[in-house]
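Rule-based calculations on the coordinates, nothing more; no lab input. Predicted, not measured: the structure shown is a model, and the values here were computed from it. Note that we place each Cβ from the backbone using ideal geometry, even for glycine, and neighbour counts take in every protein chain shown.
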Ligand SMILES: NC(=O)c1ccc[n+]([C@@H]2O[C@H](COP(=O)([O-])OP(=O)(O)OC[C@H]3O[C@@H](n4cnc5c(N)ncnc54)[C@H](OP(=O)(O)O)[C@@H]3O)[C@@H](O)[C@H]2O)c1
């Protein structure tokens, strides 16, 4: 029964964005990694329903080409409806800059789909030293999402709002990683690619089946889903009604999917991969389906498999302490890196101001402080900045005071003594 939803518990087995997506006129959406594959089709459907859709690309040539292809597919759209942001998510400065640019153009964002990513060939590192899939899928998007959050919160403040953050994860997390895999997210080394051990299953599969580094990719995709859960907890404690969802899109025949497999494997498995358009439906369901709100407690913060089936995923996904540790480790790593680049104090103070902008009650301010050590550091940064300003402002007076000779007759001759702090008056 195409175009309708067949339910079993919270399951929606058939869902067709063309028929089932609500009207999105007036909404602002952002889709990362939309120059091809799932992201491209996610943009296509969101725009067709009337949303203004920002998409990210790594360079202008790709952005122009993507925009051109979208406009050719749907001549009713305009270029203004499909603006781009240039971002390389491996570089967190690039992610932060793009979010700032977005903030200068828009007052609010209704839908954010974190989609960019993919497995690297081997164990490779970003310029900051983080393992590449962790850098782009998790750390870059962590920074981007947190910077876009004030815009999402603004959208969520309107009475009829339905604001969503969608994180495209993967079932690789529980297919590749053993259930008892002892990852420790308190350790920043994990972000640099140090893993407890190489699971035997992967040792066997890697040379036979995979042509890419599926192990580190799987860890980054687990981080994606853990991030979504923790972000949902943070927002809940701040009573911000944004839904955060993570998902596996299904096996999707995106342009480079064959590179994942050894050449002899792809022809054998390719028939199981769905067309790219269909591959975008799970993201679109998470981003727009009304069902998410109706069965709020079942979906929000959770990981889904296609389409709309809440799935347990990897056991670590249910370890709240680990999700909190991942959040704090990532925050520490990202802010230390940015500080090293000379953005530290200012960025932290800006973060505080941005996060407090829509924090109205003391209880919420309290929970914001409790939820993140960054705010404490931001306050310290603010106080240090204030002290430095005061020092500079009072420096001339201090210098004058030091230069003054105590008890000098010439200085005080014929003067009324009004300065009671001046010890020379008492000539003790
Ligand atoms: N296809 C599947 O079967 C499958 C299964 C599970 C999960 N997923 C997930 O689905 C998402 C989309 O994948 P896809 O299959 O559609 O692959 P795709 O066609 O290769 O698209 C990936 C998109 O992400 C962009 N991207 C990759 N790394 C980036 C970075 N560091 N900075 C900025 N942009 C970056 C790519 O841009 P460039 O063109 O510049 O590289 C491209 O636009 C990924 O997160 C993937 O992990 C896919």
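From the P(r) of the stretch 7-340, could you give the percentage of C-alpha pairs in the tail past 39 Å? Please list the in-between numbers first.
On the way: 3931 of 55611 pairs.
The answer is 7 percent, as a whole percent.
What ranking, highest mean first, results for peptides 236-244, 323-331 when packing means the other Cβ atoms within 10 Å averaged over each residue?
Details: 236-244: 18.4, 323-331: 20.9.
For the peptides 236-244, 323-331, the packing ranking is 323-331, 236-244.
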Q | Listed peptides 245-254, 303-312 by packing density, highest first (mean Cβ within 10 Å) | A | 245-254, 303-312
Q: Could you sort 215-225, 52-62 so that the peptide with the highest average Cβ count within 10 Å comes first and the rest follow in order?
A: 215-225, 52-62
Q: Kindly identify the stretch 160-259 as rounded, prolate or oblate by the Cα gyration tensor criterion: order the square roots of the eigenvalues as a ≥ b ≥ c, call it rounded if a/c is under 1.5, otherwise compare a/b with b/c, prolate if a/b is larger, else oblate.
A: oblate
Q | Whole-Å distance, taken between Cα centres, linking the stretch 311-331 and the stretch 22-48 | A | 28 Å
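Using the Kirkwood radius built from alpha carbon pairs, what does the Stokes-Einstein equation give as D for the stretch 82-235 at 4 °C and 1.567 mPa s, in µm² per second? Provide the component values of the computation, followed by the final result.
Working: Rh = 16.6 Å.
So the translational diffusion coefficient is about 78 µm²/s.
Taking neighbour Cβ counts within 10 Å as the exposure measure, how do 299, 273 sort from fewest upward? Show your work: numbers first, answer last.
Details: 299 23, 273 17.
Lowest to highest Cβ neighbour count: 273, 299.
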Q: Any chance you could list P(r) for the stretch 151-206, counting all Cα-Cα pairs in 10 angstrom bins from zero, rounded to whole %?
A: 17, 32, 20, 19, 11, 1
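Divide the volume of the convex hull of the Cα atoms of the stretch 19-118 by its number of residues and quote the answer in cubic angstrom per residue.
Values: hull volume 9.7 nm³, N = 100.
Convex hull volume per residue, Cα atoms: 97 Å³.
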